[in-house]
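Report on one structure; see the data block that follows.
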Amino acid sequence: MSASLEIDDDRDTLRFERTIAHAPERVWKAVTHPAQLAHWFLAAVACEPRVGAAMEFDFGGEQGLDVYPGEVLELDPPRVFAFAWAEDVLRF
């Protein structure tokens, strides 16, 4: 695994690159399918795989207080899945 940090006036970028010993299709499912995300992501994720679709990240708090919105920003199966989450952008 490698890691780097780019500091910019507008947005800092933290990048991790990792080689995973699985077929691209399997990795794609792990980062884009809500049932697969549940195995490793900290929140339950609800989303539709299309650019512009709303996302919901539920961290299981009482009365929905730990539910945060997101949006699918980029989708290029099986290469890129990017989404907004609060003020951050995550890109796989």
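Of note:
- Summed over qualifying helices (DSSP H, 4 residues or more, each -39500 (n - 2.57)) and divided by its residue number, the chain shows a 222 nm mean residue ellipticity of -3500 deg cm²/dmol.
- The slack between LYS29 and PHE41, meaning 0.36 nm per residue of separation minus the straight C-alpha distance, is 3.0 nm.
- Stokes-Einstein D in µm²/s, Kirkwood radius over Cα pairs - the chain at 37 °C with 0.692 mPa s viscosity: 228 µm²/s
- Nonlocal amide H pairs with MET55, under 5 Å, H built at 1.01 Å: GLY70, GLU71, VAL72
- Model label sites at TRP85 and ARG11, defined 7 Å from Cα along the beta-carbon direction, differ in position by 1.5 nm.
- Within the chain: Cβ-based charge dipole about Cα centre, in debye rounded to nearest 20 (Lys, Arg +1; Asp, Glu -1): 620 debye
- Among residues other than ARG15 with Cβ under 11 Å from its Cβ, the summed charge is -1 (Lys and Arg +1, Asp and Glu -1).
Taken together, the values in this text are just the output of simple stated rules run on the coordinates, not laboratory data. Because the structure is predicted, anything quoted here is derived from the model rather than measured. With ideal geometry, Cβ positions are generated from the backbone for all residues, glycine too; neighbour counts draw on all protein chains shown.
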